[in-house]
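Undergrad: Let me give you the structure first, and then I'll get to my questions.
What follows is calculated from the coordinates using simple rules that are stated; it is not laboratory data. If you're wondering where the values come from, they're calculated on a predicted model, not measured in any experiment. Note that we place each Cβ from the backbone using ideal geometry, even for glycine, and neighbour counts take in every protein chain shown.
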């Protein structure tokens, strides 16, 4: 499973910093538009809890969901260290449906609502099968409060087009080195990242690797999945500060469960 062996490396080299910045961006986006600060926040694919900690520090009631037990173990430890009351649950983000009568409900499926749902650091690209995107959007729509907000980012087709059997060093430190071998199949729109790392313990170096598969979702597919779930796209942004065009390597989508027509784009 992805992000199991790699979990401690992910956190040690600071990969959660982007999610923390996105969480701060999300709170600023809401405030700038006069939208009340969310009371309850659900962070999907929460990883090691970087975004969840930002929301908790702002006074929100936060639930984090991730499929990786190793990532969640780190997240819980960080929350304890920060004395943050965050509930972390291990589950698939595609499984946001209400529990059946024979299953024990949890904080995601007990019928309660969230004012803000987030999914950061291209986690949406990990939805690789047909129907996955629609399934997640429908699940989010069910648990969003009226006028609630969904914010997520993802890598674009333009970014994956650069994954042409390319090797990329993502971290080169004194005791840890990480590199990715990147490939993209334009026909299937599947991207493969083989992550290899070396960690030094005393005088020995240890090697590990994981292979991650991601999918390039088009803007038309994203809009259709959101609309099909009853979510209105109200903004599309370039997190690097440039123009939010299809040529940008990463885009942020903001959608809301609106009681009236209020789309920005």
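Undergrad: Any idea how far apart residue 147 and residue 175 come out in nm if each label point goes 7 Å out from Cα toward Cβ?
TA: Between residue 147 and residue 175, the simple spin-label model gives 5.0 nm.
Undergrad: Here is a further query. What length, rounded to one decimal in nm, is gained on full extension from residue 204 through to residue 83, with 0.36 nm per residue of separation minus their alpha-carbon distance?
TA: Numbers: separation 121, 0.36 × 121 = 43.56 nm, distance 3.55 nm.
So the chain would gain 40.0 nm between residue 204 and residue 83.
Undergrad: I would also like to ask the following. Of 236, 194, how do they rank once you tally other Cβ atoms within 10 Å and put the fewest first?
TA: The fewest-first ordering by Cβ neighbours comes to 194, 236.
Undergrad: Which value results for Rg/Rh of region 159-215 when Rg is the Cα radius of gyration and Rh the Kirkwood radius based on the inverse mean 1/r?
TA: Expressed as Rg/Rh, it is 1.10.
Undergrad: Also: Applying 1/(1 + (r/R0)^6) with R0 = 30 Å to the Cβ-Cβ distance of residue 221 and residue 183, what FRET efficiency is obtained, to the nearest 0.05?
TA: Once the sixth-power term is evaluated, E becomes 0.90.
Undergrad: Further question: Between residue 213 and residue 168, what is 0.36 nm times their sequence separation minus the Cα-Cα distance? Round to one decimal in nm.
TA: 14.6 nm
Undergrad: Same structure, new question: Taking N as the number of residues in region 11-59, what is its Cα Rg relative to 2.2 N^0.38 Å?
TA: 1.16
Undergrad: What number do you get for region 123-253 when its Cα radius of gyration is normalised by 2.2 N^0.38 Å, N = residues?
TA: Normalised Rg, Cα atoms only: 1.26.
Undergrad: Please give the peptides 43-55, 205-217 ranked by average Cβ packing (other Cβ atoms within 10 Å per residue), highest first, as a rough proxy for protection.
TA: Output ranking for 43-55, 205-217: 43-55, 205-217.
Undergrad: Here is a further query. Any chance you could list the semi-axes, whole Å, largest first, of the equivalent ellipsoid that the Cα gyration tensor gives for the chain, using √(5λ)?
TA: 29, 23, 18
Undergrad: Relative to the longest principal Cα axis of the chain, at what angle does helix 219-228 sit, 0 to 90 degrees, rounded to 10?
TA: On a 0 to 90 degree scale, this one is about 40.
Undergrad: Compute the projected area of the convex hull of the Cα atoms of region 19-154, averaged over all viewing directions, and report it in nm² to one decimal place.
TA: That works out to 8.1 nm².
Undergrad: So what is the calculated 222 nm ellipticity per residue for the chain, using -39500 (n - 2.57) for each DSSP H run with n of 4 or more, over all residues, to the nearest 500 deg cm²/dmol?
TA: Mean residue ellipticity, 222 nm, calculated: -8000 deg cm²/dmol.
Undergrad: Ok, one more. Where does each of 177, 71 land when they are ranked from fewest to most other beta-carbon atoms within 10 angstrom? All intermediate terms of the calculation are to be shown ahead of the outcome.
TA: Details: 177 18, 71 27.
Going from least to most buried by this count: 177, 71.
Undergrad: To continue, here is another question. How long are the semi-axes of the ellipsoid equivalent to region 112-185, from square roots of 5 times the Cα gyration tensor eigenvalues, in whole Å, largest first?
TA: Square roots of five times the eigenvalues give 33, 17, 9 Å.
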